[in-house]
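One structure is given here, and the rest of the page talks about it.
The values are calculated or read from the model by the stated rules, or taken from the named source; none is laboratory data. Given the structure is predicted, the values throughout are model-derived calculations rather than measurements. Every residue, glycine among them, receives a Cβ derived from its backbone with ideal geometry; neighbour counts consider all protein chains shown.
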Amino acid sequence: MSAVMRNGRRLATVLAAASTLVAASLLVSAPAHAAVLFSDDFEQPTVNVWLANSTWSVVSEDGSKVYKQTSTTGFPYAEAGSGSGTGTVVTARVKPTSPLGPTNVVALSGKTSDPSNLYYVGFRGTQLEIGQQAWGKNVPLATTPFTANVGTWYRLTLSFLVAGTVTGSVSGPGGVSATVSAADPGGPHPGDQVGFWMSSASASFDDIVLSDQNVPPPPPTTPPPPCPVAVFFSLSFYGSAFLGLVSFTNVSAAPIPPPWTITWQFTIGQSVQSMFAVGSWNQRGPTVTVHSPSWAPTVPPGTSSFQFGFMATPVNAMQLPANVTFNGIPCPASLA
């Protein structure tokens, strides 16, 4: 099974929720760019994706397929994916299915290497807790009051956005939410998987997403400079073909020396048969590229260049070309 979430709309919803929770937990806006490192909505078989113990299975529940663990004995766990570390966030929907007392934990895990070494955010009794399994020893890091009801879906988020800090968040029906943070003490054997971890409890899980929030935004796009020329086409019938004469007027404040390149696109299947007064030319599909001859004069501001020309067919396709450029810059073109 591909570990990438199949439903694009559903993935967008999950990521939006995760970003909102992280923003709330850090009291700053989450980065606008993120990369999904792992996701699973359990709509496809999971046998080749998840390493799990105990009684895990994919079942239909509340209108969706979910990953369910029914044993309340020991420390049920499941792990998958890769990439969990500083700058990442993991989020999932979680529904406790057994009572939660002081010794019962239902949690989402990150930086997981094995069931004995991981970080988690989850429900313990009437608390939201973040903590570690460090070489098999349970190490709570911080808690905040929160009561999770059996049979109710919640969204848990475990964040490592800030180096040296672990942050956990939960949101549920009616807008209930809580956030807790703690310094990262280090210690457990480092891992980069995510998953689920429990202590003497059972639960259902769905829509897990691990995302990297440190993806740099794309570089700003620089608008092209204004075109320095206005290009003119003069078209006329010439036997079974048509003749095109091309020139340009320098509308900039600086002289335009050679070399220069003009391109355009034919729109209804025109094909150049020959060219004259050019350095070189080619046509690939509808796009024609013309390079100036070596002897082309410098064109002062406000003056027009010499004309070059072409013969093209079919004759009934004589029409002003589109998408004209001069030295790669889009330019206005008109009939002379």
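A few comments on the model shown:
- Any hit, the stretch 41-52, residues being modelled with pLDDT of 90 or more, outside any strand (DSSP E or B) and hydroxyl-bearing (Ser, Thr, Tyr): no
- Selection from the stretch 96-116 of residues that are buried (at least 17 other Cβ atoms within 10 Å of the Cβ), out of contact with any strand residue (DSSP E or B) (no Cβ under 6 Å at 6 or more places or on another chain) and within 18 Å of GLN133 (Cα to Cα): ASN104
- Looking only at residues in the stretch 252-280 that are of a type in the set (A, V, I, L, M), surrounded by 11 or more Cβ atoms within 10 Å (Cβ to Cβ) and in contact (Cβ under 8 Å) with a residue 40 or more places away in the chain, the one that is farthest from PRO293 (Cα to Cα) is VAL272.
- Residues satisfying the stated conditions in the stretch 227-254, i.e. assigned to a strand (DSSP E or B) and out of contact with any Ser or Thr (no Cβ under 9 Å at 6 or more places or on another chain): LEU235, SER236, PHE237, TYR238
- Any hit, the stretch 108-127, residues being within 14 Å of PHE75 (Cβ to Cβ), part of a strand (DSSP E or B) and of a type in the set (Val, Ile, Thr): yes
- Taking first residues from the stretch 51-63 that are surrounded by fewer than 16 Cβ atoms within 10 Å (Cβ to Cβ) and partners that are part of a strand (DSSP E or B) and among the acidic types (Asp, Glu), the Cβ contacts under 7 Å between residues at least 6 apart in sequence or on separate chains come to LEU51/GLU79.
- Listed by position, the strands (runs of 3 or more DSSP E) contained in the stretch 133-175 that have at least 3 residues being surrounded by fewer than 19 Cβ atoms within 10 Å (Cβ to Cβ) are 137-145.
- Consider the stretch 255-269 and keep the residues that are in a strand (DSSP E or B) and polar (S, T, N, Q). The one that is farthest from GLY302 (Cα to Cα) is GLN265.
- Unmet requirement for TYR238, which otherwise passes all of (1) closer than 30 Å to VAL59 by Cβ; (2) of a type in the set (Phe, Trp, Tyr); (3) out of contact with any Gly (no Cβ under 8 Å at 6 or more places or on another chain): (1)
- Condition check for SER204: among the hydroxyl-bearing types (Ser, Thr, Tyr) and closer than 20 Å to GLN133 by Cα: no
- Scanning the stretch 270-290 for residues that are assigned to a strand (DSSP E or B) and under 44 Å from the mean Cα position of the chain (by Cα) yields SER271, VAL272, SER280, TRP281, ASN282, GLN283, ARG284, THR287, VAL288, THR289, VAL290.
- Residue match in the stretch 85-95 (condition: under 26 Å from the mean Cα position of the chain (by Cα), surrounded by fewer than 24 Cβ atoms within 10 Å (Cβ to Cβ), part of a loop (DSSP other than H, G, I, E, B) and of a type in the set (Gly, Ala, Ser)): yes
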